[in-house]
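Just below is one structure, and these are the notes that go with it.
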Amino acid sequence: QVQLVESGGGLVQPGGSLRLSCAASGSLFNIYAMGWYRQAPGNLRELVATISSGGNTHYVDSVKGRFTISRDNAKNTVYLQMNSLKPEDTAVYYCYAEMAATSYSDPRGYWGQGTQVTVSS
């Protein structure tokens with residue numbers, strides 16, 4: 001069974017840094033786009049950053065210059081380096097990936113379980 005497992009969340013002071021990781025496991029044929037979303041209490045889930053299989057990246061304006069998304073295709077892992085964190089970055093962060101389990105199956109979206117990031121003094 002294909003799944004995404006996240007790690008790296010926690011409590012950090014404003015201006016601090018955290019690095020989130022998300023590893024895909026199970027029977028996989030290919031991983032296409034990967035990304036990170038976040039959801040703060042009372043808000044809708046929003047896109048934070050995406051990265052294509054070729055390494056092209058996209059960021060929401062509020063994190064540009066502070067967050068960096070990257071991936072290690074050999075490890076089936078996507079990362080989110082978060083610097084200069086602000087209280088408004090506080091949210092549950094979810095990993096997302098488009099993956100195909102076999103060579104003949106269409107890719108579908110998978111979500112991680114979420115990891116809490118809290119930015120507070």
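The values are calculated or read from the model by the stated rules, or taken from the named source; none is laboratory data. Source: prediction; values computed, not measured. No Cβ is skipped: glycine too gets one built from the backbone with ideal geometry, and neighbour counts run over all protein chains shown. Only protein heavy atoms, including side chains, enter the accessible area calculation; ligands, DNA and RNA are left aside. Shrake-Rupley method; radii C 1.70, N 1.55, O 1.52, S 1.80 Å.
Taking the inverse of the average 1/r across all pairs of different Cα atoms in the chain, what Kirkwood radius in Å do you get?
14.5 Å
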Counting only residues 5 or more apart in sequence or on a different chain, those whose built amide H sits under 5 Å from that of THR90 are VAL119
Judged on accessible area alone, 1.4 Å probe, highest first, TYR37, TYR32 line up as TYR32, TYR37
Phi angles of the range 105-119, converted by Karplus (6.51 cos²θ - 1.76 cosθ + 1.60, θ = phi - 60°) into ³J(HN,Hα) in whole Hz with x for Gly and Pro, give 9, 6, x, 9, x, 10, 10, x, 7, x, 9, 7, 10, 10, 10
So the carbon and sulfur contribution to the accessible area of the chain, 1.4 Å probe, in percent, is 47 percent
Taking LYS75, LYS86 and ranking on accessible area (1.4 Å, protein atoms only), highest first, one gets LYS75, LYS86
Any residue on another chain or 5+ positions along whose placed amide H is under 5 Å from the amide H of VAL2 is listed here as SER27
For ASP106 the rounded accessible area (nearest 10 Å², probe 1.4 Å, non-protein molecules ignored) is 130 Å²
Quick calc, the chain, dipole around Cα centre from Cβ unit charges on Lys, Arg (+) and Asp, Glu (-), nearest 20 debye, gives 160 debye
Amide H contacts under 5 Å for PHE67, restricted to residues at least 5 apart in sequence or on another chain and with H modeled in the peptide plane, are ASN83
For the chain, the per residue accessible area (1.4 Å probe, Å²) is 53 Å²
